[in-house]
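Everything below concerns the one structure shown next.
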Amino acid sequence: TRWVELATEGASGDSRASFIAIVDGVWRGMIGGARVEPIGEVEDRLLARSAGGAHGVGLYSMWTDPEYRGHGLGRQLVVRTIGWAESISAPYVALWVTRGNDRAIGLYRAAGFVETETVRPAPGDPCADEIRMVRPPTGAA
């Protein structure tokens, strides 16, 4: 399938990565990360501090099987992707999350992300907004 192709393509390198959670032989979660251009003041500041001027990493396609939500699987996927971002010296990790998705926002806050002032309409839903959240690298002030 296309998802398997994307995961295979993202299995190595420093421009993007995909992580799949398989439990008892069944695909139960996934997340992707890719180098991104900075969006907003917070990301610009973090990028300016980085030695190499490398782009940050954006998280995308976060999904966990509803039966496995609230049991740490999503946290493991996020932590793994942050680890990959740190291994390639990304100056920050960022994501978009739908405003009002308190469970996801709580997951990201627990992983060190903070909300920024940057908001956009949610793709596919003109009545919803997405909030930009950013996580500085470990040890950043």
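The values are calculated or read from the model by the stated rules, or taken from the named source; none is laboratory data. As the structure is a prediction and not an experimental result, all values here were calculated from the model. Reconstructed Cβ throughout: ideal geometry from the backbone, glycine too, with neighbour counts over all protein chains shown. Just so you know, the surface numbers come from the protein's heavy atoms only, side chains and all, with ligands and any DNA or RNA stripped out. Shrake-Rupley method; radii C 1.70, N 1.55, O 1.52, S 1.80 Å.
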| note | Expected sort for 104-110, 118-124 on mean C-beta neighbours within 10 Å, highest first, is 104-110, 118-124
| said: Please list Asp24, Asp125, Asp14 from largest to smallest accessible area, probe radius 1.4 Å, with all protein chains kept in place. | reply: Asp24, Asp14, Asp125
